[in-house]
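Asker: This is the structure I have questions about; it appears just below.
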Amino acid sequence: MNDLQPALPVLSARDLCREFSLPGDRSLEVLRHLDLDIHEAEMVAIVGLSGVGKSTLLHCLGLLDTPSSGQITYRSGGQTWQSPGLNEPQRCGLRNQFIGFVFQFFHLLSDLDVLENVMLPAIVGTPKSDWKQRKPQIEAKARTLLETVGLAGREEQAPGTLSGGERQRVAIARALINNPRLLLCDEPTGNLDSSTSEKIHTLLRQLHEDLGTSILVVTHDPDLASRADRRLAMIDGRFEKSADHPSD
Ligand SMILES: Nc1ncnc2c1ncn2[C@@H]1O[C@H](COP(=O)(O)OP(=O)(O)OP(=O)(O)O)[C@@H](O)[C@H]1O
Ligand SMILES: [Mg+2]
């Protein structure tokens, strides 16, 4: 790669708006002409008051919600996808392969054991005809990820028998099973005590450094925000300029 040409961001959002319709012909403008770039192997923290639109932004970037207007560009390995303009298979493919999600409340499936929960996104992303052939690789990868997050030996347990911090580590392993370019984390330690949170913060930072995955994390926790390469403060549906461009 030419050193003089910096790599294009993994994700770019431009002029992003999200307005919700409310009862009585009212509406709520949550995202207001927001711009954002996330670069390769960058960890960015978003901070802001409750209700300012942080989760709404993550849902739009993660293709779980549709912005009212604006563009989002996803880039990986020389390929580019732009929303709007994606068909449903492309949206599903990006959600499954490009993005990993970690939520505050883990969202593990209680009917599956820990190993199966981690394997699930890889199973979903594999054509049924290849499933038998790929299963051993997927299982080996899931076991390695569980070891990385410190849960070796817990593979056959039900998620309900794990502590909150352990469940979140399963969710992080699950989010990484398809080698996503971007991990979107919405208050990943919002439901955990401070000592467990600290361990998850260390794990996220370590995974970020070891795997080079870009991370966008929404947090109210100053410790987690301080571990990011860049912090963005969200106010009035967009980012405070001084935080988005610290060198300005
Ligand atoms: N589907 C919806 N319909 C109407 N309003 C919504 C909808 N989803 C979110 N909102 C509103 O959008 C605003 C932003 O919500 P959002 O969940 O993004 O906030 P947040 O910054 O993540 O807050 P918190 O820190 O409390 O999680 C809130 O006022 C919320 O009520
Ligand atoms: Mg939120």
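Values in this text are rule-based calculations from the coordinates and carry no lab data. As the structure is a computational prediction, the values presented were derived from the model and not from experiment. Reconstructed Cβ throughout: ideal geometry from the backbone, glycine too, with neighbour counts over all protein chains shown.
Asker: With a bin width of 10 angstrom, please list the P(r) values of the stretch 1-148 as percents of all Cα-Cα pairs, from the 0 bin to the one holding the largest distance.
Answerer: Here the calculated profile for the stretch 1-148 is 9, 30, 32, 22, 6, 1.
Asker: Where in the stretch 116-158 are there GluC sites (Glu not before Pro) that are in a DSSP coil and have at most 12 other Cβ atoms within 10 angstrom of their Cβ?
Answerer: E156
Asker: Once every DSSP H run of n ≥ 4 in the chain is given -39500 (n - 2.57) and the sum is divided by its residues, what mean residue ellipticity at 222 nm do you get, rounded to the nearest 500 deg cm²/dmol?
Answerer: The helix-only estimate for the chain comes to -10000 deg cm²/dmol at 222 nm.
Asker: If I model a spin label at E139 and L64 as a point 7 Å from the Cα along the Cα→Cβ vector, what separation in nanometres do I get?
Answerer: 3.0
Asker: Also, quick follow-up: Build a GNM of the chain with springs between Cα atoms under 10 Å: which of R26, R227, R134 gets the top mean-square fluctuation?
Answerer: R26
Asker: OK, next. Between H39 and K199, how many nm apart are label points set 7 Å from Cα along the C-beta direction?
Answerer: 3.4
Asker: Given bins 10 angstrom wide, list per bin the percent of all Cα-Cα distances in the stretch 26-67, short to long.
Answerer: 22, 56, 19, 2, 0
Asker: To continue, here is another question. In nm, to one decimal, how far is the S110 label point from the Q157 one, both placed 7 Å along Cα→Cβ?
Answerer: Inter-label distance under the simple model: 1.7 nm.
Asker: Given the C-alpha centroids of the stretch 66-138 and the stretch 172-240, what is the distance between them in whole angstrom?
Answerer: With the stretch 66-138 and the stretch 172-240 each reduced to a Cα centre, they are spaced 19 Å.
Asker: Then there's this: As a test, work out the antiparallel percent of DSSP beta bridges whose residues both lie in the chain, rounded to the nearest 5.
Answerer: Percentage antiparallel, nearest 5: 55.
Asker: On to the next question. Evaluate the Debye formula for the chain with equal point scatterers sitting on the alpha carbons, no solvent, and hand back log10 of I(q)/I(0) at q = 0.11, 0.13, 0.16, 0.17 Å⁻¹, in q order, two decimals.
Answerer: Calculated log10 I(q)/I(0) at the listed q: -0.60, -0.84, -1.24, -1.37.
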